[in-house]
Amino acid sequence: MPKRVAFHTLGCKLNYAETATIGRAFSERGFEVVDFTEVSDVVLVNTCSVTENADREARKLVRQALRRSPEAYVIVVGCYAQLRPEQLASIEGVDLVLGSQEKFRLFDHVSTFDKGAYARVVVGDIGEADDFGPAFAAEAGDRTRSFLKVQDGCDYTCSFCTIPLARGASRSQDLDATVAQAADIVARGFKEIVLSGVNVGDYGAKSGRSLVELLGALLAVPGDFRIRISSIEPNLLTDDIIRLAADSEKLCPHFHIPLQSGSGDVLKRMRRRYNTGLFTDRIDTVLRFLPECGLGIDVIVGFPGETDALFDETYRYLVDLPFSYLHVFSYSERPETHALSLDGSVPHPERARRSGMLRILSEKKRAAFARASLGQTRRVLFETGGEGELSTGFTDNYIRVGMPRDASLDNTLRDVLLTGVDGIHVRGIGAVSA
Ligand code: SF4
């Protein structure tokens, strides 16, 4: 009987892509991949460390897995494993903790998967990390969207962020290798490739390449598919990228852009590389070329020094900004970050209150964007399986669409007329072209 391995991933799309790649390596070695809720012989948890809560969640998942499969060989990888390996190794039953580079060579570090008395920790100096570790993943076992890792690490020094400590310096996958991988993904039947990384806009910066060059090469890959950029820093969202999206049917008119704060003072304390003037200019330029573009924005509330007045500045800035949704995060103290030394800590209940205010604003903007789309015909990628009575998918500009269930729509790109708003979905009719 083959050995069984179960995976659980926390955090970003990059982690999902990397877990999927590790999963394929296990399958190639004869392992059967089972659901995380099942008993298995090997358990691997790929962790995140973006908040204290993510650390807690990782420890909880490891303990849960050990209760379910006390004999399983337990491996922990990911950002938390790189940053705090000792905390994970001290959980009784953990066998191996691998750092951010070591996880790409997992089978060099373990072969027999025999449980030992103590955890082994193999975590190198992240300052020396230069391996890329190519990866791609399907979304939740679906064959619709694939997250393709094109870049890893970050050279920025945002004062709240622990990612450069966990993932090292910015590095990118070779352009030809990335294009070949994209062609392979399209050949496997995926209809959307989401370009993923820690700082995707920094793609190729150290090798004289650029994201716009990569996009141009990817758009030339033949096939019925489209490309989405997972997220891009405002200072790296160039006019060339925006123009390319306006000129190409394959590059989705959807940008997810981290703002983090609408207050210039807070942005300085965060050590971000732009001010609100630049941000507004980028949004204006996007909408000039792509008036129906989906625009998602990340915001952090409760950063040290964010007074009531400065939060108010952010709120008022966002009320006036034409975007389609927000991702709101409450600031979380992270060890070894510069922000820890800043004064003006915001009490947790106040962080929650500010977060709640922005979530309500986000829902209003999302609903307004959906209403404004009514009467438009947009390209929808329908997901496999749908949701209950509905076939569901996203438009190119990231509106969630639902239509009466029709299995023949699964994993196809169709032009859909948007006719009404139904809860979280926009209703569509007439999936006209295959
Ligand atoms: S750009 Fe800033 S927030 Fe984003 S990964 Fe780099 S350091 Fe972290």
**Prompt:** Phe132: of a type outside the set (Gly, Ala, Ser), within 16 Å of the ligand (Cβ to nearest atom) and within 29 Å of Ala89 (Cα to Cα), yes or no?
**Reply:** no
**Complete:** Here the residues within the stretch 184-203 that are in contact (Cβ under 8 Å) with a residue 40 or more places away in the chain and more than 16 Å from the ligand (Cβ to nearest atom) are Ile185, Arg188, Gly189, Phe190, Lys191, Glu192, Ile193, Val194
**Message:** Just the residues that are closer than 16 Å to Val299 by Cα, aliphatic (A, V, I, L, M) and part of a helix (DSSP H, G or I), please, taken from the stretch 340-357.
**Reply:** Ala352, Met357
**Fill in**
A careful count of residues in the stretch 244-297 that are under 21 Å from Glu192 (Cα atoms) and away from the ligand (no atom under 16 Å from the Cβ) gives 16
**Fill in**
Scanning the stretch 393-429 residue by residue, the ones that are assigned to a strand (DSSP E or B) and closer than 17 Å to Phe225 by Cα total 7
**Fill in**
Checked Leu409, Leu381, Leu390 against criteria (outside the structural domain of Arg316 (by TED's automatic domain parsing), under 26 Å from Phe190 (Cβ atoms) and surrounded by fewer than 20 Cβ atoms within 10 Å (Cβ to Cβ)); the one match is Leu390
**Filter pass, Ser40 being open to solvent by less than 40 Å² (accessible area, probe 1.4 Å), in contact with a strand residue (DSSP E or B) (Cβ under 9 Å, 6 or more places away or on another chain) and touching a residue at least 60 places away in the same chain (Cβ under 8 Å)** = no
**Request:** Have a look at Leu310, Leu295 and point out the one that is farther than 30 Å from Arg143 by Cα, aliphatic (A, V, I, L, M) and not in a loop (DSSP other than H, G, I, E, B).
**Result:** Leu310
**Fill in**
Selection from the stretch 219-241 of residues part of a loop (DSSP other than H, G, I, E, B) and touching a Lys or Arg at 6+ places or on another chain (Cβ under 6 Å) yields Phe225, Ser230, Leu237
**Fill in**
Note on the stretch 145-161: residues under 17 Å from Glu233 (Cα atoms) and either away from the ligand (no atom under 11 Å from the Cβ) or among the hydroxyl-bearing types (Ser, Thr, Tyr) (or both) are Lys149, Val150, Tyr156, Thr157, Ser159
**Message:** Within the stretch 33-83, take every residue that is within 20 Å of the chain's Cα centre (by Cα) and in a loop (DSSP other than H, G, I, E, B) and give me the one that is farthest from Gly168 (Cα to Cα).
**Reply:** Thr51
**Fill in**
For the stretch 289-304 the number of residues that are closer than 14 Å to Gly344 by Cβ and surrounded by fewer than 19 Cβ atoms within 10 Å (Cβ to Cβ) is 0
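The values are calculated or read from the model by the stated rules, or taken from the named source; none is laboratory data. Quick caveat, the model's predicted, so the values are computed rather than measured. Glycine gets a Cβ as well: all are built from the backbone with ideal geometry, and neighbour counts include every protein chain shown. Quick note on the areas: whole protein, heavy atoms, side chains included, nothing else; ligands and nucleic acids left out. Shrake-Rupley method; radii C 1.70, N 1.55, O 1.52, S 1.80 Å.
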